[in-house]
Amino acid sequence: MAETLLRAQSIHKSFVGVHALKDVSFSIRRGEIHCLAGENGSGKSTLIKIISGVYTPDAGHIEFDGHRYSRITPIEAINLGIQVIYQDFSIFPNLTVMENLALNTELAANRKLVNWKRIRRVAEEALAKINVRIDLDAYVGSLSVAEKQIIAISRALMFNTKLIIMDEPTTALTKKEVRNLFAIILQLKERGIATLFVSHKLNEVFEISENFTILRSGELVATGSTKDLDDKKFSYYMTGRTFESRRFVPKTVSKDPIFEADRVGIPGSFEDVSFALHGGEIIGITGLLDSGRTELALSMFGMKPIREGEFRVDGTKVELTSPRAAINHGIGYVPEDRLSEGLFLPRSIGDNIVITELDSLTKKFGIVDAERRDEEIRTWVGNLAIATPDPDNACQTLSGGNQQRVVLAKWLANSPRILILNGPTVGVDIGSKHDIHTILQELANEGMGIIIITDDLPEVVENCSKILVMKNGRIVAKLDAEEADEQKILSYML
Amino acid sequence: MKGGTPTLMKKLTRRNEFYVFLVLLVLCLLIEIRSGQFFSPNNLVDIASAMIVPGLFAIGSFLVIVSGGVDVSFPALASLTMYATTKMLLDANYQGGAVLPIVIALAIGAVLGAFNGLFIGYFRLPAMIVTLGSSSVFKGIMQGALNSKQLTVIPPGMRRWGTSALFIARNPVSGLTSRMYVTFIAFIVVLALVFFLLRFTMFGRGIYAIGGSEVSAHRAGFNVIRTKVIMYVLVGMIASLAGIIRASMMQQAHPTNMLGMEMNIIAGVVLGGTAITGGRGTLTGCMLGTLLIVIVENSMILLGIPTSWRSVFTGVLIIVGTGVSAYQTIVMNRSKRVQTAKKEVAA
């Protein structure tokens, strides 16, 4: 047993009477990779902020490197060797890689003047520490998310770092980038640097961490070795609910396809894509980020009209040249990035739900029928169990999972026959994810045809009756649900 | 990692300043071809003189925009300090040199700048709103408390400073002469100081950092509030220097004739490639953009375009100029996306 680096002892913290953390204790050894998991609002970020000195605990204390602290400031935390990598990486997109890497140490050294030679040297050292090469003169704003993250990590290592805390580091990364990140974390471990890894994705928890701590509503529910953890326990700890694994089996499949793609393509994005969707089916389309899956999704909703082949609805050729046209043919689309494409965040939940069906709620002279509008909103908030005290609240007050439900409600309110979802559960916690899956399966059982585009393989396997794998713009495999498993799908994807 | 080191040409064409410079060059050549007078010594000296006050204003404006704000109060601030200084010295029947007026103006400017800085930095109010308000306040003080009327006489020291010439340029053809004013040196000194500040001090890098991301700057350890307050104090001082120079060169203190300059100045700064959203831009670009506006404002007459059309031309220039840089951003983002996609394929 290596020695303990960090121990949090009976931490309590409340904000205006709300208990954010109740009696939380856990510890991390030197060089340990520890995963902190929990749903939104479970107290993860509060705990991180206490460890990094942003908040002072109401009761309890932190032991770090053998010393006991009842309160520390952010600067003290940094000097002790605690570094936090926030989700936004705290970088400067407008400055060069070189400056981003060196500014923090220059500031910490309390320098007043800038020596560009020294800055370049510091930056080179920083990148050398984790053996990566990035153009030092590039602007950080022009880099990929993964590169930005690498900059944040190597910058953190410039201090005498003993513990790196990463707040949901994999959210915006592709599978390959996640693997690179894990390789870096393992490198850090070899050098004796511990990592506290915040995540709610269980496959990551299993892959990288040695130990875990799970919080729920501010309380510690479990902490221990990842070896003793399995899917079921993990979900239970996270949500306090048990989920049966329920592979979707279509109940009633319509005789004729309701939507067909016949050798459709957009040069440069995807080509020769054909499939048929029957009512009551859920088709999964999966592939890497550049496989053309997103472009295909957009073309089905008329946002990127196809150049080759044809789409058919109920056997008749349709021209899907605009979202309007797609909506008129009964197609609904839940976009990939709900924040930028799917929702008007500052507007009320209710407004967001009814926006697609305003036409049908309008009385004479273009005036919206307020009563029917409110009724419609009540129905959907109830049906999809959107957790809000008042549908007049702004959408941005909701958690990720609930926001996604609003997007769903928005399209369901329009009663589409064909529903296309692009990454329906990205950034959504387990409980909401489960609920969204249940809703989709129920919708399919009521006769809707559903297409899910996602790279979340468990999601595909669990929910789809047919699976199409895309690679380099083409469909490389069509699998039935019974014959598909994650390994097999992955082998076609790569 | 992005495929070898880019050539000098490529580096140049990626920079906004390069395009502003090209436009500037084309405009100058056009004027030269039409009139044959543009590159005459006296015209060049005239343009340099015309650049002093807008140039100083642009430097101040540039600092604020880089930090992520917009300052619309500098003409009012400059007018108030200039007017207050002149009036005070006239009342005291001051007969000395130009140093005291400059010092007084800088001091008043620093106080007024601190007023902006306090609300923007300390109370975190949006710069645009605060400066709209302070602009009214400054005008109000000038017109109410100081009962401003045009002062046709200024202290002799200011007048001497404002009209003394470094050298006199003569047009060999027409025989017209133009004075290269001593005040031009003040402009160059400020330019050099601010250049050094932005490039070689942590304070200057802090202004860029705050403009890029205030949260990140705070987390990195910059004292965001202090940086902002000091910066607004500096901006106030630069603007008041411009004000006192203007009065000295015009040999009169006109309370309102600087008001309304803010839009053209900000336009020049943005034209020079400074991102209106903050964090990006160079002093070189800022000066080129300002120069472009100054030349359009002053040299249209040489092209044979009536002065009444001047504002139309300035307007078109601003729209086209900022349009081009906006378009560039779009193209850059697009190529970035293609690059990421290619990386994925390679992976």
Kindly evaluate residue A:332 against the criterion of being within 14 Å of another protein chain (Cβ to nearest Cβ) and either hydroxyl-bearing (Ser, Thr, Tyr) or buried (at least 22 other Cβ atoms within 10 Å of the Cβ) (or both). no
Residue under question is residue A:435, and the condition is that it be charged (D, E, K, R), open to solvent by less than 20 Å² (accessible area, probe 1.4 Å), touching a residue at least 40 places away in the same chain (Cβ under 8 Å) and closer than 27 Å to residue A:237 by Cβ; does it hold? no
Every residue in the stretch A:123-133 that is part of a loop (DSSP other than H, G, I, E, B) and either open to solvent by less than 20 Å² (accessible area, probe 1.4 Å) or polar (S, T, N, Q) (or both), please. A:130, A:131
The stretch A:387-409, subset within 19 Å of the chain's Cα centre (by Cα) and part of a loop (DSSP other than H, G, I, E, B), residue farthest from residue A:351 (Cα to Cα): A:399
For the stretch A:128-147, what are the residues that are away from chain B (no Cβ under 11 Å) and modelled with pLDDT of 85 or more? A:128
Quick check on my filter: what residues within the stretch A:410-454 are out of contact with any strand residue (DSSP E or B) (no Cβ under 8 Å at 6 or more places or on another chain) and in a loop (DSSP other than H, G, I, E, B)? A:413, A:415, A:425, A:426, A:427, A:428, A:429, A:446, A:447
Elements of type helices (runs of 4 or more DSSP H) contained in the stretch B:180-242, each with 3 or more residues being within 16 Å of the chain's Cα centre (by Cα): B:183-200
Residues of the stretch A:134-143 classified as over 18 Å from residue B:208 (Cβ atoms) and either open to solvent by less than 30 Å² (accessible area, probe 1.4 Å) or touching an Asp or Glu at 6+ places or on another chain (Cβ under 6 Å) (or both), total: 1
Is it true that some residue in the stretch B:214-224 is touching a residue at least 60 places away in the same chain (Cβ under 8 Å) and open to solvent by less than 10 Å² (accessible area, probe 1.4 Å)? no
Any hit, the stretch B:126-143, residues being aromatic (Phe, Trp, Tyr) and open to solvent by less than 30 Å² (accessible area, probe 1.4 Å): yes
If you go through the stretch A:53-82 one residue at a time, how many are within 13 Å of chain B (Cβ to nearest Cβ), among the polar types (S, T, N, Q) and within 24 Å of residue A:15 (Cα to Cα)? 1
Listed residues B:305, B:319, B:244; which is modelled with pLDDT of 85 or more and aliphatic (A, V, I, L, M)? B:244
Residue pairs meeting the criteria (Cβ under 6 Å; at least 6 apart or on separate chains; first in contact (Cβ under 8 Å) with a residue 24 or more places away in the chain, in the stretch A:357-385; second in a helix (DSSP H, G or I) and among the small types (Gly, Ala, Ser)): A:377/A:350; A:380/A:409; A:384/A:409
Residue set B:273, B:260; condition small (Gly, Ala, Ser), in contact (Cβ under 8 Å) with a residue 40 or more places away in the chain and more than 14 Å from chain A (Cβ to nearest Cβ); output residue B:260
If you check residue B:278 against the conditions, is it under 19 Å from the mean Cα position of the chain (by Cα), under 28 Å from residue A:134 (Cα atoms) and either within 14 Å of chain A (Cβ to nearest Cβ) or at pLDDT below 90 (or both)? yes
Just to be sure I understand, how many residues within the stretch B:202-214 are more than 7 Å from chain A (Cβ to nearest Cβ), farther than 10 Å from residue A:114 by Cα and of a type in the set (A, V, I, L, M, F, W, C)? 2
Do we have any residue at all in the stretch A:284-306 that's away from chain B (no Cβ under 14 Å), assigned to a loop (DSSP other than H, G, I, E, B), touching a Phe, Trp or Tyr at 6+ places or on another chain (Cβ under 7 Å) and touching a residue at least 24 places away in the same chain (Cβ under 8 Å)? yes
What is the number of the single condition among (1) at the interface with chain A (Cβ under 8 Å from one of its Cβ atoms); (2) open to solvent by less than 30 Å² (accessible area, probe 1.4 Å) that residue B:199 does not meet? (2)
When you scan the stretch A:12-40, how many residues do you find that are touching a residue at least 40 places away in the same chain (Cβ under 8 Å) and under 26 Å from residue A:170 (Cβ atoms)? 17
Does residue A:95 fit the bill of being in contact with a Phe, Trp or Tyr (Cβ under 7 Å, 6 or more places away or on another chain), modelled with pLDDT of 90 or more and among the aliphatic types (A, V, I, L, M)? yes
Filter result for the condition that a residue is of a type outside the set (Val, Ile, Thr) and at pLDDT 90 or above, over A:449, A:427: A:449
Tally time: how many residues in the stretch A:455-494 are assigned to a helix (DSSP H, G or I) and within 14 Å of chain B (Cβ to nearest Cβ)? 1
So how many residues does the stretch B:232-268 have that are open to solvent by less than 30 Å² (accessible area, probe 1.4 Å) and closer than 30 Å to residue B:159 by Cα? 19
Among the candidates B:298, B:257, residue that is in a helix (DSSP H, G or I) and modelled with pLDDT of 75 or more: B:298
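The values are calculated or read from the model by the stated rules, or taken from the named source; none is laboratory data. Everything numeric here is computed off the predicted structure, so don't read it as measured data. No Cβ is skipped: glycine too gets one built from the backbone with ideal geometry, and neighbour counts run over all protein chains shown. When the accessible area is computed, the model is the full protein with side chains, heavy atoms only, and any ligands, DNA or RNA have been set aside. Shrake-Rupley method; radii C 1.70, N 1.55, O 1.52, S 1.80 Å.
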